[in-house]
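The values are calculated or read from the model by the stated rules, or taken from the named source; none is laboratory data. As the structure is a computational prediction, the values presented were derived from the model and not from experiment. Note that we place each Cβ from the backbone using ideal geometry, even for glycine, and neighbour counts take in every protein chain shown. Please note that ligands, DNA and RNA were not included when accessible areas were found on the heavy atoms of the full protein model with its side chains. Shrake-Rupley method; radii C 1.70, N 1.55, O 1.52, S 1.80 Å.
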Amino acid sequence: MTETLSQYSAILLYCTMVVYAAAFVAFAIDLAQRSAAAGRPVAQSGAGEQLTAAQRRAAAQTTQTASGQAGGSGTVTTLDRPTVIDDDAEIARTRSGGVVIRVAMALTWLGFIAHLLATILRGVAAERVPWANMWEFSMTGTVLMVGVFLGVQFKLDLRFLGAFLIGLVLMLLGIASLQYYVDVVPLPPALQSYWLVIHVLVATLATGFFALGFALSGVQLMRTRYEESEDSPPTWLGFLKTLPAAVTLENLAYRLNVIGFILWTFTLIAGSIWAEAAWGRYWGWDTKEVWTFIIWVIYAGYIHARATRGWRGSRSAWLAIVGFSAVMFNFGIVNVFFKGLHAYSGL
Amino acid sequence: MPKPRTSDGITQPRLGPSGWLRWFWRQLTSMRTALLLLLLLAVAAVPGSLVPQRSSDPNGVTQYFRDNPDLAPILDNLQMFDVFTSAWFSAIYLLLFASLVGCVIPRTRHHLKALGQKPPKTPLRLNRMAGFIRKEHHGAETDARGAAGAAEQLLRKSGYRTVMFDEPATRGRPGAYSVSAERGYLRETGNLLFHIALLGVLVAVGVGGGFGFTGQRVVVEGQTMVNSLVSYDSFNPGRFFNDSSLKPFTLSVDTFDVTYQSDPNKGAYGQALDFDVKTTTRLPGEEPQSNRIKVNEPLSIGGTNVYLLGNGYAPTITVRDPSGRAVYREIIPFLPQDTNLTSTGIIKVPDGLADQLGMIGFFYPTPFELGTGALTSAYPDLKSPVLELRAYRGDLGINDGTPRSVYTLDTDGMTQIAGGKSGTDALRLGLGETVELPDGLGTISLDEVNRFASLDVHRDPAQGWVLLFAVLATAGMFAALLIPRRRVWVRATDGEGNTLQLEYAGLARGEDPQLAQAVADVARRHEAALDLEAPLDLEASPDFTSQRSTSSRTDVNSSP
């Protein structure tokens, strides 16, 4: 029975991947259409569109000066700095109204529901939470990434990230189904704790937010490149014209990464409490603990970089990218190849 | 003496020792340095995960030395096996915390002052501020003063600190009333709390490590351990530890039950599902208490916690001389080598036989014969246990009092008499069996097999403080990252012909993505409070997003 359910779950996940692949194609077509549209004169644009690249740079500089004046020379994060560009307006300005993006979103929702069902089915098969080995971490981690992506849309229109994010999710699911599939096995005594539910779920949720922040920072870097070059970008990057300004992308990335950071802090503390009960010490520099710490410090640096003269913009974006790379390293490499107490990959 | 000159001709002041110190302190407490130290800390932690650490994996370090005899001493000189207590790692975090202190002190002072102050004067040109809205109402029943008063009331109710200004008419400007309001002081409070709490965590971790201890002890079913220094197999005291913090309790392991996944048709056959140690503890002057220890459920006794960290088998072995007299009877914990608990142990019989006798034992709880004839264990529970022994006779090397590990046998001065190349098969014993030792030395019996629990006794007097500071830091972080600090202004001006002109604007003091919305919200609620309907919008177009873009463009153009 358990095996049958688990296999249904896997099959459902493969179907999910097909739907996501279709969504990915639709998101890519939308970007291509944006590229094409960017070549034509813009019809429905608001005032923001007319800002030239030079003006945008000036805006960014104003922001930096303000930061320097208000921030003083403190170590403690100072965030006293007016935001010159209105993010909501920027997003509204660049909203894509096309049919294709709606199809892409519909497919993503469909995929998400199948994905969620597959994950729940695995949990039912195992008679516990579906996050106790690499296969399950991958499944739950990606379902939360897509969930965060879809959930954020109710507050912010970030549909333009679809290709980036669904692409990432497809890649992770691909690796998982090739490398990580394991049958359901009972939990070892060390994992039999309600902290498994809390600690791992929050960590995975944090990963979802970091993933979206990472996608935004990546797009931000491309967009900055476009804004700084006076020439038009190559045709295939034409869609960059139709995306929000780099400053807006940076602000959005920051908002998501901050949520990720808070969740990550909680992960760290919950993990310590659990480690105290299970291993007799709250902190012992186990390899996974080391990497959790490294990730926390990188994102703390990222938050401080926002308030440090000369570190806003591309540099802080790179920090966010390094941070997410560390998250992926912690998940894909440390879990599987490093020796330590967190040896629960099930491989 | 000429003043030092830089190449571009700028005269720089000469710095005395105190000047340099001040310069150094200013550099250290700058945001940029703090950021670099943070990133350096992240990088410095990486080797701690690549190279085994003495603190978390001492056996790994030994193995590393064996595998990389050339590289290991070099790494050891660089303190790579003790990264987190190394001089360089400590230097980074101590500098970081010094930098933090140097920043927190002036900011706390500044914040305390700000907490006692009223919001500053309303700026003259609100249209340069964020989220600016201007509206004009005809035939309003309120005058400017009343409108401003209502705004003040509304803002105060929403948690703003407010102050009202009567702005007399000047050249080119009619008289007006304005309200200057600020909220979100908790943001900076939280920010400071977060950083101070981090200091608290550091201090508490240090104190806990200094006064606490960890001790390991293997206890076989039926045995009792006493909480005193001599009874531990290994013991790591903190720097300021003294014996008096060892509460004199005893702990007996009554039974140790393990449940395994026993259905061979399902996955993970033989995986442990549950470890359950039943114990009896005694504190002086108190009744004995029965309790249990499980993997995620330590036992708390006398200010210390007792954890179950490992398990294995401890065979009871009796050796008799040819006359049948028992010369040796010990319960020997065998160290598990794999998940099916194939275990190894050492038996040393120094006296009573014709020669000293040493044996290397292999224990198979559920033996399975491989094609080669060698045994392995196929399941971790005791089904039909077998003990296999290689025996050596000669000199155990303990006569001169040299301390030897009970887990190793030095066979240099000995001759192998059973197993290996000795020409005699290794001795094999089932439970309750007795076999003859070679050379007519006597007999050996496997009387009994019990489980042992590997217990970790741990005391960290500051552990609760670490948690408290961590929770405080998190609370502070919530406030510092999520509560917006903002100023909002409302200005009311009486226009000609019974018109009332209202202006609203805000200023973000830190990350505040909702500012424009908040200002618009204040305007809406203010109008509702004043019972104003159908306002005549002057500058706020129905789609005020484009309006805000215009004002932001003004900002851009006016900045140098």
Express in Å², to the nearest 10, the accessible area of residue A:325 obtained by rolling a 1.4 Å probe over the protein heavy atoms while all chains stay in place. 60
When all protein chains stay in place, what accessible area (Å², nearest 10, 1.4 Å probe) is found for residue B:247? 90
May I ask you to list the aspartates and glutamates whose Cα is less than 14 Å away from that of residue B:278, ignoring any residue fewer than eight positions away on the same chain? B:221, B:254, B:257, B:297
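On average, how much accessible surface per residue is there in segment B:470-511, in Å², for a 1.4 Å probe, leaving out ligands, DNA and RNA?
So segment B:470-511 comes to 32 Å² accessible per residue, rounded to a whole number.
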Can you list, bin by bin at 10 Å, the percent of alpha carbon pairs in segment B:281-390, starting at 0? 12, 29, 25, 23, 9, 1
Counting only the heavy atoms of the protein chains, how much of residue B:467 is accessible to a 1.4 Å probe, in Å² to the nearest 10? 80
Output for segment B:131-190: GluC sites (Glu not before Pro) sitting in coil per DSSP, at most 14 other Cβ within 10 Å, listed by number, reads B:141
Taking alpha-carbon centroids only, segment B:103-123 lies from segment A:243-314 a number of Å equal to 29
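Using only the Cα atoms, what convex hull volume per residue in Å³ does segment A:163-237 have?
Cα-based convex hull of segment A:163-237, divided per residue, equals 116 Å³.
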Put B:167, B:496, B:330, A:136 in order of accessible area, largest first, 1.4 Å probe: what do you get? B:496, B:330, B:167, A:136
Across peptide B:38-47, what mean number of C-beta atoms from other chains lies inside 10 Å of a residue's C-beta? 6
Stokes-Einstein at 10 °C, 1.306 mPa s, Kirkwood radius from Cα pairs: D for chain B in µm² s⁻¹? 50
Taking residue B:266 as the anchor, which aspartates and glutamates have their alpha carbon closer than 20 Å to its alpha carbon, excluding any fewer than eight residues away along the same chain? A:3, A:127, A:136, A:183, B:274, B:381
Can you give the charge dipole size of chain B about its Cα centre, rounded to the nearest 20 debye, using +1 on the beta carbon of Lys and Arg and -1 on the beta carbon of Asp and Glu? 3500
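So what's Rg/Rh here for the protein assembly as shown, counting alpha carbon atoms and using the Kirkwood radius for Rh?
1.08
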Tell me which aspartates and glutamates have Cα within less than 19 Å of residue B:118's Cα, excluding those fewer than 8 residues away on the same chain? A:80, B:152, B:166, B:167, B:182, B:188
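Note the direction-averaged projected area, equal to a quarter of the hull surface, for the Cα convex hull of segment B:25-75, in nm².
4.8
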What are the radius of gyration and Dmax of segment B:365-468, computed over its Cα atoms and given in Å? 20.2, 67
How would B:36, B:193, B:100 line up by accessible area, probe 1.4 Å, largest first? B:36, B:193, B:100
Of B:253, B:501, B:210, whose Cα points farthest to the positive end of the dipole of chain B (charges on the beta-carbon: +1 Lys, Arg; -1 Asp, Glu; origin at the Cα centre)? B:501
Estimated inter-spin distance, residue B:300 and residue B:262, nm [label 7 Å along Cα→Cβ]: 3.5
Per segment A:200-347, sqrt(5λ) over the Cα gyration tensor eigenvalues, sorted largest first, in Å, gives 35, 15, 12
Tell me, what does the Kirkwood hydrodynamic radius of segment B:213-459 come to in angstroms if you use every pair of distinct C-alpha atoms? 19.8
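Leaving ligands, DNA and RNA out of it, rank B:195, B:138 by accessible area with a 1.4 Å probe, largest first.
Ranked list, largest accessible area first: B:138, B:195.
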Rounded to whole Å and sorted largest first, list the principal axis extents of the Cα atoms in segment B:420-526. 126, 32, 23
Bins of 5 Å, beginning at zero and ending with the bin holding the largest distance: percent of Cα pairs per bin for segment B:16-115, please. 2, 12, 17, 16, 13, 11, 9, 8, 6, 4, 2, 1, 0
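Suppose R0 equals 45 Å; then what is the FRET efficiency for residue B:115 and residue A:95 from their Cβ-Cβ distance, rounded to the nearest 0.05?
Working: r = 42 Å, r/R0 = 0.94.
Once rounded, the FRET efficiency stands at 0.60.
Using a simple charge model, +1 on the beta-carbon of Lys and Arg, -1 on the beta-carbon of Asp and Glu, nothing else, what dipole does the protein assembly as shown show about its Cα centre, in debye to the nearest 20? Mind dumping the intermediate values first?
Working: 77 positive and 78 negative charges, 844 e Å.
I would put it at about 4060 debye.
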Checking understanding here: applying a Kyte-Doolittle mean of at least 0.5 and a length along the axis of at least 30 Å (C-alpha), which whole DSSP H helices in chain B pass? B:87-115, B:185-211
Could you tell me the convex hull volume per residue, in Å³, taken over the Cα atoms of segment A:191-278? 95
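Work out how much length residue B:234 to residue B:127 would gain on full extension: take 0.36 nm times their residue separation and subtract the Cα-Cα distance, in nm to one decimal.
31.3 nm
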